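Questions regarding the structure given below will be posed in turn.
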Amino acid sequence: MKIFYLTFAISLLLIIGGFLLPPMGIIDGSVLTAVGELLMFGVLAQLPALIDAAKNGKSIKLTKGDSSIEVSSPQD
């Protein structure tokens with residue numbers, strides 16, 4: 001859980017720094033990719049907790065717009 005907050009804080013600092021500092025050159029699309037990768041580390045840090053919850057018989061449902069992901073374990 002600590003890695004989530006660390007990557008979240010770094011991402012926010014990079015985004016705020018990007019708004020406050022003048023560009024030193026050409027801003028490439030790789031900047032968006034780098035921020036997306038940093039945010040993905042926070043998401044990946046949450047996966048073990050979701051997998052453990054599914055193994056313990058809890059149902060998980062993630063919804064974003066029209067997309068929906070549901071993970072559930074059969075009850076014994």
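What are the aspartates and glutamates whose alpha-carbon lies under 20 Å from the alpha-carbon of Lys2, with same-chain residues fewer than 8 places away excluded?
Glu37, Asp52
Shifting gears a bit: Give the label of the value calculated from the structure for log10 I(q)/I(0) by the Debye sum over Cα atoms at q = 0.12, 0.14, 0.27 Å⁻¹, choosing from [x] -0.47, -0.57, -1.16; [y] -0.52, -0.65, -1.18; [z] -0.68, -0.72, -1.08.
Computed from these coordinates, log10 I(q)/I(0) by the Debye sum over Cα atoms at q = 0.12, 0.14, 0.27 Å⁻¹ corresponds to label [y].
Give the angle, between 0 and 90 degrees and rounded to the nearest 10, that separates the Cα long axis of helix 30-55 from the longest principal axis of the Cα atoms of the chain.
20
Additional query: Under a 5 Å amide H to amide H cut-off, with H placed in plane at 1.01 Å, what residues pair with Val71 once short-range neighbours are removed?
Ile60, Lys61, Leu62
Moving on to the next point. For segment 4-15, take each phi angle, set θ = phi - 60°, evaluate the Karplus expression 6.51 cos²θ - 1.76 cosθ + 1.60, and give the result in whole Hz per residue in order, putting x for glycine and proline.
Each residue of segment 4-15 in turn: 4, 5, 5, 5, 5, 5, 4, 4, 5, 4, 5, 5 Hz.
Just so you know, all these numbers are worked out from the coordinates, no wet-lab data involved. Just so it is clear, the model here is predicted, and its values are computed rather than measured.
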